[in-house]
Amino acid sequence: MFGKVTLLTQSKFFKETLGKSTLTAVGLLIVLVTLAILLFLTWKGLATFTTHNTSIIDFLFGSRWDPAMEFGAENGPAGSAIFIVGSLSVSCLALLISTPFAVACAIFIVEISPRLGNKFLQPAIEIFVGIPSVVYGWVGISVLCPFLASVFNMPFGGESVLAGGIVLAVMIFPTITTVAADAIRNVPQEYTEASYGLGATRWQMITSVRIPAAKSGILTGIILGLSRAFGEALAVSMVIGGRLAFPKGLLSQTSTLTTQIASGMGSAADGTQWTDNLWSMALVLFVISFIFIALIRVIGRKKKED
Amino acid sequence: MRTAQFDQSIVQKNNKRRRSQDKTATIALYAVAGLFLLLLAAITLYVIGRGVISFTPKYLSFQKDGLGVELFNTVYMVFLSLVISVPLGVGAGLYMAEYAKSGRLTNIIRTSIETLSSLPSIVLGLFGFLVFVLLEKATWNMFAGILTLSIISIPLLTRVTEDAVREIPNTYREGSYGIGATKWQTITKILLPASMNRITTGVVLAAGRSFGEAAALIYTSGLTSDVDFTNWNPLSHTSPLNIFRTADTLAVRIWYLKTSSILPDKYELADMAAAVLIILVFVFNLTARYLRRRSSLK
């Protein structure tokens, strides 16, 4: 009988250790995958600078991009400024369009009518998030671009920075709204009561108390939206035109880091200057998303200190 | 007494201005909210409507000009990727909720999860292309796509699981320890079942995201399919079950039709594919919503 009890505890102990170590291993696996992504991207992304002798300055600020597509061919200019500027302008345009509407929506959900917000807007937001980016891109091509072309009299069918900005604005809208609504909701109720007590109207209370108190949360939402806009590839690619030129205005065509990777990766063999350049762009994207994470953490920490 | 000298009319005027401002703002906010709903309705109705208009039975066929192959590939790949990502994601979530102590290791894991979930999917796709295709000296294959989809879903599942398990009241754990259960028994017999509904919701959402994913797949599982639906030997190259063949999904199909297809009816095909995807989004959303409601009733 004693034997049986020890066996039982032994097997209990065994399962306990096995369970714990399995879960720990899974946690470590995630770290491993992330490290692998970092290492492989760095390895491939640095080839531009080591194998093809481009300086980092030339890569980041050079305005001509015409890398060699074959092995043994002479290295061409590898300046990626067009794509970086393209990414920045489209994403910032998207933010400019999206933020006011998103914050307004967040205010509506939290302050004006939580009932309607929960019943209609919240589900709508979830569906907006769920719509695949290619579908956004497809609607962009088939509705938005022809519309822009007819309104602005554009010769090339409406593909432009503006079209990219609008499509991205719709895509990041739910992100900003959700995070901003959480931030506004978390402002202590006493603030609101104090503000009403001083005779403020609802709008005054919102603009002078709730929004300022929630500003770091709203900022986090904006950065998350920016990071999503920066990383979106296919939807933008479908409506931006893909020209290798700096955007001259809202209606001109350009390329971004992600669109160039998406459309260019298959065009040349791996290891040519062309593909190595694209890997470097992917590395740039990785670094940028890391910067966004760091920014969000800094904002979060600051908020805790306040 | 300065207040006594206050001109009452100014105060009244000011009050009036404030009230009308408040009213205007409220109306404007209602308008924005309405606009938002209108936009969603417009997009979904447009996409579904176009799909209905361009519908002909041949688009649902499993031939070259149909979408049956893509639909099969999408479901098959998402299912297999969940087989990989659910145990890993849920496991990591359980670890973070129950075992992780605050310290450097936990911090590193958390940063990794955050990084993974914020990386653009095209970058993850490139990683998958490099590690699962180029380094294996392989061509585009479904397995590479499946693994890449798993990497995308894992952080989402981890977060959902961790949140769900953390929110279980401590009385559950105390009760379980009180009757002599070990920590592992508590996790498997009490905590996991108690958070099952929310985890399932997370799985449904992850599946929904994978269904629409394209950027991560164009260089991993590829842009075309060559399948023979009479051949069910999983080792054969044209068998639908073979996971080492190239395989395009519905979302990838839309991208391919826009960029490089020479099919004469590519617009109709893309319309159909978009409509199917939107309908899937609704199905997944309603399922998740239903599960959530059921879990909150409990």
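The values are calculated or read from the model by the stated rules, or taken from the named source; none is laboratory data. Quantities reported herein were computed from a predicted structural model and do not represent experimental measurements. Note: ideal-geometry Cβ built from the backbone for every residue, glycine included; neighbour counts use all protein chains shown. The accessibility values were calculated without ligands, DNA or RNA, using every heavy atom of the protein model including side chains. Shrake-Rupley method; radii C 1.70, N 1.55, O 1.52, S 1.80 Å.
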- Task: Being open to solvent by 20 Å² or more (accessible area, probe 1.4 Å) and among the aromatic types (Phe, Trp, Tyr) is the filter; apply it to the range B:248-298 and report the residue that is farthest from the chain's Cα centre (by Cα).
- Result: B:TYR267
- Message: buried (at least 17 other Cβ atoms within 10 Å of the Cβ) and within 11 Å of chain A (Cβ to nearest Cβ): which single residue out of B:TYR99, B:TYR95 fits that description?
- Response: B:TYR95
- Message: I'd like the residue in the range B:168-182 that is assigned to a helix (DSSP H, G or I), in contact with a helix residue (DSSP H, G or I) (Cβ under 9 Å, 6 or more places away or on another chain) and not hydroxyl-bearing (Ser, Thr, Tyr) and, out of all such residues, is farthest from B:LYS101 (Cα to Cα).
- Response: B:GLY175
- Cβ pairs under 6 Å, 6+ apart, first in the range A:76-105 and more than 14 Å from every other protein chain (Cβ to nearest Cβ) and closer than 21 Å to A:ILE218 by Cβ, second open to solvent by 30 Å² or more (accessible area, probe 1.4 Å) and in a helix (DSSP H, G or I): A:LEU95/A:LEU226
- Note on the structure: In the range A:123-158, residues that are of a type outside the set (A, V, I, L, M, F, W, C), part of a loop (DSSP other than H, G, I, E, B) and within 11 Å of chain B (Cβ to nearest Cβ) total 1
- Sort through A:VAL90, A:VAL110 and tell me the only one that's part of a helix (DSSP H, G or I) and under 18 Å from the mean Cα position of the chain (by Cα). A:VAL90
- Item | Test for B:ALA181: is it modelled with pLDDT of 90 or more, open to solvent by less than 40 Å² (accessible area, probe 1.4 Å) and not aromatic (Phe, Trp, Tyr) | no
- Any residue at all in the range B:30-51 that is buried (at least 18 other Cβ atoms within 10 Å of the Cβ), among the aromatic types (Phe, Trp, Tyr), over 30 Å from B:LEU191 (Cβ atoms) and away from every other protein chain (no Cβ under 13 Å)? no
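Yes or no, residue by residue, for (1) aromatic (Phe, Trp, Tyr); (2) open to solvent by 20 Å² or more (accessible area, probe 1.4 Å):
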position: A:ILE84; (1), (2): no, yes
position: A:SER87; (1), (2): no, no
position: A:LEU96; (1), (2): no, yes
position: A:ALA102; (1), (2): no, no
position: A:PHE108; (1), (2): yes, no
position: A:LYS119; (1), (2): no, yes
position: A:GLY130; (1), (2): no, yes
position: A:GLY137; (1), (2): no, no
position: A:LEU148; (1), (2): no, no
- Count, please, the residues in the range B:218-262 that happen to be more than 10 Å from chain A (Cβ to nearest Cβ) and among the aliphatic types (A, V, I, L, M). 6
- Please work out which one of (1) open to solvent by 20 Å² or more (accessible area, probe 1.4 Å); (2) under 19 Å from the mean Cα position of the chain (by Cα); (3) in contact (Cβ under 8 Å) with a residue 40 or more places away in the chain is the condition A:ARG185 fails and give its number. (2)
- Message: I'd like the full set of residues that are within 19 Å of B:LYS258 (Cβ to Cβ) and at pLDDT 90 or above, limited to the range A:143-157.
- Response: A:VAL143, A:LEU144, A:CYS145, A:PRO146, A:PHE147, A:LEU148, A:ALA149
- Note on the structure: Those residues of the range A:27-46 which are in contact (Cβ under 8 Å) with a residue 40 or more places away in the chain and surrounded by fewer than 19 Cβ atoms within 10 Å (Cβ to Cβ) amount to A:LEU38, A:THR42, A:LEU46
